[in-house]
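For reference, the structure is listed below as structure tokens.
The values are calculated or read from the model by the stated rules, or taken from the named source; none is laboratory data. Note that the coordinates shown come from a computational prediction; the quantities given were computed from them, not determined experimentally. Positions of Cβ are backbone-derived with ideal geometry, glycine not excepted, and every protein chain shown enters the neighbour counts.
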Amino acid sequence: MTFTLRSAGEKIEVVDKPAELFTTPPNLGNYEAACREFSWEQARREIDWFDEDHLNAAYNAVDRHAVGWRKNKVALYWEGERGEVEKYTFRELSRLSNQLANALADIGIKKGDRVFIFLPRLPELYIAFLAILKLGAVAGTLFAAFGPEALKDRLGDSDARAVVTIPGYYERIESVRGDLPALKDVILVDTRGTDFRPKAGEHLYSKMMAEADHHFAPAVMAAEDYAFMLYTSGTTGKSKGVVHAHEAIIQEHLSAKWILDLKDDDIYWCTADPGWVTGIAYGILGTWSNGATSVIYEGRFNPREWYRIVEKYDVSVWYTAPTAIRMLMKAGPKAAADFDLSCLRHLASVGEPLNPEAIRWGLDVFGLPFHDTWWQTETGSILIANYPSIPVKLGSMGRPFPGVTASIVDDDGNEMPPGTPGHLAIKPGWPAMFRTVWHNEAKYEEYFNNDWYITGDRAYMDSEGYFWFIGRGDDVIKTAGERVGPFEVESALVDHAAVAEAGVIGKPDMMRGEIIKAFVVLATDQESSPELSEEIRVFVKKRLAGHAYPREIEFVDVLPKTQSGKIMRRVLKARELGLPVGDLSTLEAT
Ligand code: WT7
């Protein structure tokens, strides 16, 4: 199948998708009709309920397929970093997560306890996530790149009761364990061999599993009960714990069906790590709930390896991110031409603006357009998307999911007409919406204005109801799709003895969208040098996270500040970009 591009107006190009090009009809055949006829009540019926108001998201993702005709269907093809391969059927995943749920219950983990997962993309990560939800506990995920400081903040703020990790990562938690009084149990995944000797409060995964029964009745959860949480960054303060309810699965299921267009004979690959909400909603819950066979690749990004995975597993539906697509583009057409990628039939992308060149390149190389999708950690589910059955306008994020009301509002939360730039806002009440910010209801309330959820993004809507991204409305940085709060980076910087003050911004970058740039004022006795710059970079990388360090450091004598002493990142950014700095009336006289 080959889709073509047509020009529609001065700057707009459109990919039309005539029905005859679909080998199987899209799951969502008529977007307009779906919007008209939509009811959440009907959407709820896609999911299995214990009674009117009770369900378990993990039961829906896996267990319900483990008893029906999909029980011997492969749910997970895993390929490890060193080329190891494993596969798990729905029945096997169901039993393994039952065993772990029993084992976690045995060490006293109860409904509502926070259990965090700090693992590479091993099958055990997925088993643990399911087990925690089945038990009724709240699963938290952590990026493998996190350093001790980032771990302490997250495990401390959530009062995590237990962590599932591997011996090789445990050191980073151990070094801050004294500051984590609530952390009682550490489960060490040793499935692929270790000589780790557990002390009190440490448990070897394989031993726990060997002793555990594979029957487990999943906890009967109210729709509103908490299922999982993720820490994400805002403009100010430390990262915040965004909490999702079990009923998020309703929308994650339906969006995976309608937007990712999963069919039973598809092989699906979501390249996102579950440390990111994409890896949960469309790497575990919504996609398995559709009975999809998923590929999990533990290895890092590498163009040839990625193409090899697509070819080897016959991947047909692929959900990835713009930075990865740009890196594939950079690797050149030859890299792609060496592989048979004709198995692909549907491509989607998320996380940052998807540039038109990336879509044109996809059409060239795969004969398929990437479908941009927009959402956030807080929204729990894709809310704006390009659907298989409607034309893609290059550069647009697409149209709201049926049942979701999106709009553009002004500073007071009043709706604005098409074509007007403003705050992208969503009418609250969609099932996958976050339910709280952990222990910080005030932060949660800050998101809402005049009965709109304010996303923090600026956008406009065109006359046909397509949404177009303009940029963040705040100082949040998006680097290679990862969301980084400038405050966290600034805090880590000033922890370095040589740094007196620091201001951090996102600097536009061709490949990564943005890179983190720090402006640093050194302590009086310090001399700037390339060595010191490198030392500071490594310091932040180790403490915070592998992705959240400043790629660029500029030493400056003073930072622009308000009279109350707040660093004006807006001014730093304008100077960096050579733009007018705007209203400086609150700038401190220096
Ligand atoms: C922010 C949310 C939920 C997975 C994505 C990461 C940016 C997301 C797009 C898109 C332009 C996008 C926004 C948003 N973003 N998708 N299609 N086009 N920007 O979730 O880490 O919570 O980040 O990512 O700025 O607010 P997240």
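Those residues that are assigned to a strand (DSSP E or B) and not acidic (Asp, Glu), I need them from segment 451-468; list them, please. 452, 453, 454, 455, 456, 458, 459, 460, 461, 467, 468, listed by residue number. Scanning segment 349-365 for residues that are outside any helix (DSSP H, G or I) and in contact (Cβ under 8 Å) with a residue 60 or more places away in the chain turns up 350, 351, 352, 353. Can you confirm whether residue 189 is touching a helix residue (DSSP H, G or I) at 6+ places or on another chain (Cβ under 7 Å), closer than 24 Å to residue 84 by Cβ and not small (Gly, Ala, Ser)? When the stated conditions are applied, residue 189 passes them. Kindly provide the set of residues from segment 240-270 that are under 18 Å from residue 351 (Cα atoms) and touching a strand residue (DSSP E or B) at 6+ places or on another chain (Cβ under 7 Å), ordered by number. Within segment 240-270, 242, 259, 260, 269, 270 meet the criteria.
Any residue that is of a type in the set (D, E, K, R) and under 26 Å from residue 244 (Cβ atoms) - is there at least one of those in segment 182-204? Steps first, answer last, please.
Within segment 182-204, the first condition is being of a type in the set (D, E, K, R), and the residues that meet it are 184-185, 190, 192, 195, 197, 199, 202.
Restricting the remaining residues to those that are under 26 Å from residue 244 (Cβ atoms) gives 184-185.
Yes, some residue in segment 182-204 is of a type in the set (D, E, K, R) and under 26 Å from residue 244 (Cβ atoms).
The residues of segment 41-96 that are among the β-branched types (Val, Ile, Thr) and either closer than 23 Å to residue 121 by Cα or in a helix (DSSP H, G or I) (or both), listed by number, are 62, 67, 74, 85, 89.
From the residues in segment 460-473 that are of a type in the set (D, E, K, R) and within 16 Å of the ligand (Cβ to nearest atom), which one is nearest to the chain's Cα centre (by Cα)? The residue in question is 472. A residue that is part of a helix (DSSP H, G or I), at pLDDT below 95 and within 16 Å of the ligand (Cβ to nearest atom) occurs nowhere in segment 429-450.
Please go through segment 451-460 and pick out each residue that is among the hydrophobic types (A, V, I, L, M, F, W, C) and either in contact (Cβ under 8 Å) with a residue 60 or more places away in the chain or under 13 Å from residue 385 (Cα atoms) (or both). 459, the sole residue that qualifies. Taking strands (runs of 3 or more DSSP E) as the structural unit, those lying wholly within segment 218-279 and holding at least 2 residues that are more than 23 Å from residue 384 (Cβ to Cβ) correspond to 226-232.
Scanning segment 474-510 for residues that are within 16 Å of the ligand (Cβ to nearest atom), assigned to a loop (DSSP other than H, G, I, E, B) and touching a helix residue (DSSP H, G or I) at 6+ places or on another chain (Cβ under 6 Å) yields a total of 3. Of all residues in segment 241-278, those satisfying the criterion of being more than 14 Å from the ligand (Cβ to nearest atom) and acidic (Asp, Glu) are 247, 261, 264, 265, 266. Number of residues in segment 385-421 that are of a type in the set (Val, Ile, Thr) and not in a loop (DSSP other than H, G, I, E, B): the value is 3.
Taking only segment 325-350 into account, find how many residues are of a type in the set (A, V, I, L, M) and touching a Pro at 6+ places or on another chain (Cβ under 9 Å). Can you show your working first?
Going residue by residue through segment 325-350, those that are of a type in the set (A, V, I, L, M) are 325, 327-329, 331, 335-337, 341, 344, 347-348, 350.
Those still in the list that are touching a Pro at 6+ places or on another chain (Cβ under 9 Å) too: 327-328, 331, 335-336, 347, 350.
The qualifying residues number 7.
May I ask you to verify whether residue 281 is closer than 14 Å to residue 379 by Cα, of a type in the set (A, V, I, L, M) and within 12 Å of the ligand (Cβ to nearest atom)? Considered against the rule, which asks whether it is closer than 14 Å to residue 379 by Cα, of a type in the set (A, V, I, L, M) and within 12 Å of the ligand (Cβ to nearest atom), residue 281 comes out as yes.
All told, residue 318 falls short of being within 19 Å of the chain's Cα centre (by Cα), within 30 Å of residue 485 (Cβ to Cβ), within 12 Å of the ligand (Cβ to nearest atom) and modelled with pLDDT of 95 or more.
Residues that are of a type outside the set (A, V, I, L, M) and outside any helix (DSSP H, G or I) were ranked within segment 298-315; the one that is farthest from the chain's Cα centre (by Cα) is 314. For residue 34, the conditions (1) in contact (Cβ under 8 Å) with a residue 40 or more places away in the chain; (2) in contact with a Pro (Cβ under 8 Å, 6 or more places away or on another chain); (3) more than 30 Å from residue 5 (Cβ to Cβ) are fulfilled apart from (3). When restricted to residues that are within 16 Å of the ligand (Cβ to nearest atom) and more than 23 Å from the chain's Cα centre (by Cα), segment 332-387 contains 1. Taking residues in segment 510-522 that are closer than 18 Å to residue 326 by Cβ, and partners anywhere that are charged (D, E, K, R) and assigned to a strand (DSSP E or B), the pairs with Cβ atoms closer than 8 Å and at least 6 places apart or on different chains are 513/478; 514/478; 514/507; 515/507; 515/509; 515/552; 516/507; 516/552.
Quick one: which of 306, 288 is more than 16 Å from the ligand (Cβ to nearest atom), at pLDDT 95 or above, within 25 Å of residue 510 (Cα to Cα) and crowded, with 23+ Cβ neighbours inside 10 Å? Lay out the reasoning, then the answer.
On the way: 288 fails: within 25 Å of residue 510 (Cα to Cα).
Just one listed residue meets the conditions, 306.
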